1. Can you find, within the range 117-142, the residue that is most open to solvent (accessible area, probe 1.4 Å) among those that are in a strand (DSSP E or B) and farther than 14 Å from Val64 by Cβ?
2. Filter the range 179-208 for residues that are open to solvent by less than 70 Å² (accessible area, probe 1.4 Å) and of a type outside the set (A, V, I, L, M); which is modelled with the lowest pLDDT?
3. May I ask you to verify whether Leu159 is farther than 16 Å from Lys88 by Cβ, out of contact with any Cys (no Cβ under 7 Å at 6 or more places or on another chain), assigned to a strand (DSSP E or B) and not charged (D, E, K, R)?
4. In the range 62-87, which residue that is in contact (Cβ under 8 Å) with a residue 60 or more places away in the chain, assigned to a strand (DSSP E or B) and open to solvent by less than 60 Å² (accessible area, probe 1.4 Å) is nearest to Gly140 (Cα to Cα)?
Amino acid sequence: HTSHLFEMKDNAAFTLIELMVAMAVFAVLSVIAYGGLNNIIKTSEVVEAQAERLKELQIFMAVVQKDMQNIVPRTVRDELGDVEAEVKMPGGGARTIDFTRGGQRNLLKLPRSDMQRVGYELRENQLLRVSYMQLDRAPGTEPLEQVLLEDVQDWQIRLLDDKNNWHSVWPPLNQTGTTTSLMPQAIELELTLKDWGDIRRLIRVYDP
C-alpha cells in the first residue's frame with residue numbers, strides 16, 4: 001500500500017508539471033497571437049487611412065479639373081465695382097487664383113446664370129474652394145467657402161499662354177508692360193502634401 005501511495009503522488013506531481021508547462025506554452029502563444037493581431041489591426045488602420053486620403057485627393061482633383069476645364073471668357077465686377085479679368089492670379093497673395101467658369105448646372109431652374117465665379121486659396125494648410133452666387137458682386141457679398149483638401153504645405157500654379165509660355169501671374173504682362181486679356185491654354189498644379197510629398201497635375205482649360 002505504501003508503494004502504491006508513492007506512485008500516486010509521483011503521478012500527481014507529474015500531472016502538475018505538465019499543467020504548468022501547458023500554461024506556460026499557452027501564455028507564450030497568447031502573447032505571440034496578440035502581437036500578430038495587434039500588428040494586423042495597426043496595418044488595417046494605416047491602409048484605411050491611406051485609402052481615405054487617396055479618396056480625398058481624387059475628389060479634390062476631380063472638382064479642380066471640372067472647374068478649370070470650364071473656364072469661360074467673362075469678366076466680373078467685384079464689391080467695389082472694379083473689373084476683374086476672366087482669370088485672375090496676382091501671385092504671392094492669399095487667394096491663389098480666381099476665374100469664371102461655365103457649365104454650372106441649374107437643376108431647380110432658378111433665375112441665375114450658368115456661370116460662376118470661383119477661386120482657390122491655401123489657408124492654414126487647407127485648400128479652399130471659394131465661390132460666389134452672383135458673377136457681379138454687390139457690396140457685402142459673402143463667398144461660399146469649402147475645404148477640399150487638408151495637410152497641404154504648399155500650392156503652386158502656372159498658366160500657359162497661346163505662345164507656350166508659362167506664367168505665375170495672370171493676366172501676363174506684354175512687352176509694353178501692360179496686361180493683356182487672354183485665356184490660358186493649360187494650368188499646371190503642384191501640391192506639396194505633408195504625407196505624400198509633391199504631386200503635379202496638368203489640365204487643359206481652353207480650346208481657342
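The values are calculated or read from the model by the stated rules, or taken from the named source; none is laboratory data. Since the structure is predicted, the reported quantities are computational estimates derived from the model, not experimental observations. Cβ placement follows ideal geometry from the backbone for every residue including glycine, while neighbour counts extend to all protein chains displayed. Ligands, DNA and RNA are stripped out before the accessible areas are found, and what is left, the full protein with its side chains, is counted by its heavy atoms. Shrake-Rupley method; radii C 1.70, N 1.55, O 1.52, S 1.80 Å.
1. Arg123
2. The qualifying residue modelled with the lowest pLDDT is Thr180.
3. When the stated conditions are applied, Leu159 does not pass them.
4. Going through the qualifying residues, I end up with Val76.
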